[in-house]
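Read the figures in this text as sums done on the coordinates, not as results from a lab. Keep in mind it's a predicted model, so treat the numbers as computed, not measured. Cβ coordinates were reconstructed from backbone atoms using ideal geometry, including for glycine residues, and neighbour counts include every protein chain displayed.
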Amino acid sequence: MVDTMRTGKNALEHEGATLGRIHARSNSRKALGYWLGFLKGILASTKVETAEYYPIRVEAERFLNLLHDPDARELIEDLHTWQDDPREVYDIIENIVSIRSREFVIESEKDEINELYGFCAGIACDNRITPNEVERLLLKLSSYPNIQADKRVTNLKSAAQRSIADGRITPEESDDICTWITYLVGDSASDTGMATFGNVGVIDGALQDHNEVVFDRQMFVLTGKFTLGPRKAILGMISDRGGEFKSSVCRNTNYLCVAVESSRDWRHSHEGLKIIRALELRDQGRGPHLVHEGTLAQALSR
């Protein structure tokens, strides 16, 4: 398959207006599923901590921009009004979830995964996991059969089950759960407590040494929203060094280069079909090398 960058008039620009219209409904549904999942994650501990105010406000601001969501706007205002009354904030979020859940019913595997990612970001946003949050997490993981084959999910589930075995969660066990959550929703969930819609999950096994990236006669695929520059420019730099590129991951793909930020049109909030396909091939022992944007930038600067 030829990359759409090379196909004249019929090209669909990456994250362009045409693709935006095509994916508008699914993107809105993806964002709403994640947003409600995040709020449910906040409620999972049965109380709101003041340490959660900042990540809640940041996430609400993102969804105000994404969805022009009136509830997000009011929640931002309420966080200021009730800054000394977390119980009131909890009741407000509970009311939002109750009302909005009536209009958003899980219908597909995509809905399950996006809501789960939001939920995980919600319970981890204060960098501390409680027994109530673990119980809700395990219930949610068990309720979604379509995600059981994901190794990141099974590892998270195992960590959660171990932590709750004696009815209490140690700081080490809490950190372990937060670490596995980063594989789903990105580093910031445990590093800073920030909510993470639009971040890329941690990819296990990605190349760390830029000297291991070889360009000559190797096949590259790009995914995500690169801060390094426009895709066309990046592909040009790869081509100048003897590399080739395609628009989709297949068995002869040598490198899948993953941007810092997710693409607007990805299937899930933290990963797209290219990453999903690459991980499937790697599980079969024949997948491409995974390269984060920072490593690619270093390789291109050699």
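Relative intensity of the chain on a log10 scale, I(q)/I(0) at q = 0.11 Å⁻¹, equals -0.70, per a Debye sum over C-alpha point scatterers of equal strength in the absence of solvent.
The charge dipole of the chain, taken about its Cα centre with unit charges on the Cβ atoms of Lys, Arg (+1), Asp and Glu (-1) only, comes to about 1560 debye. Each peptide in 126-134, 160-168, 235-243 was scored by the mean count of other Cβ atoms within 10 Å over its residues; highest first, the order is 126-134, 235-243, 160-168. Distances between placed amide hydrogens fall under 5 Å for residue 247 paired with 3, all partners being 5 or more residues away or on another chain.
So for the range 22-191, averaging the separation of alpha carbon pairs under 8 Å that are six or more residues apart and normalising by length, what relative contact order in percent results?
29 percent
Using a Gaussian network model of the chain in which every pair of alpha carbons under 10 angstrom is joined by a spring, one finds that among 77, 271, 61 the greatest mean-square fluctuation is at 77.
Just to verify a number: FRET efficiency for residue 170 and residue 47, C-beta to C-beta distance, R0 = 22 Å, to 0.05? Plugging the Cβ-Cβ distance into 1/(1 + (r/R0)^6) gives 0.60.
With q set to 0.14, 0.16 Å⁻¹, the log10 of I(q)/I(0) for the range 22-191, from the Debye formula over equal scatterers at the Cα positions, is -0.70, -0.92.
Computed over the alpha carbons of the range 203-300, Rg followed by Dmax gives 12.2, 33 Å. Projecting the Cα atoms of 219, 130, 148 onto the dipole axis of the chain, where Lys and Arg carry +1 and Asp and Glu carry -1 at the beta carbon, places 219 farthest toward the positive end. Placing R0 at 45 angstrom, the Cβ-Cβ distance between residue 138 and residue 216 gives a FRET efficiency of 0.40 after rounding to 0.05. If you take the Cα centroid of the range 94-157 and the Cα centroid of the range 270-295, the two points sit 23 Å apart. Take each peptide in 86-93, 174-181, count the other Cβ atoms within 10 Å of every residue, and average; sorted highest first, the result is 174-181, 86-93.
Length available on full extension from residue 261 to residue 106: 0.36 nm per residue minus the Cα-Cα distance, which gives 53.2 nm. The value of relative contact order for the chain, using C-alpha pairs under 8 Å at least six residues apart, is 19 percent.
Compared with the alpha-carbon gap, the fully stretched path from residue 83 to residue 251 is longer by 55.1 nm at 0.36 nm per residue.
Enter the mean projected area of the convex hull around the alpha-carbon atoms of the range 139-278, in nm², rounded to one decimal.
Projected area, direction-averaged: 10.1 nm².
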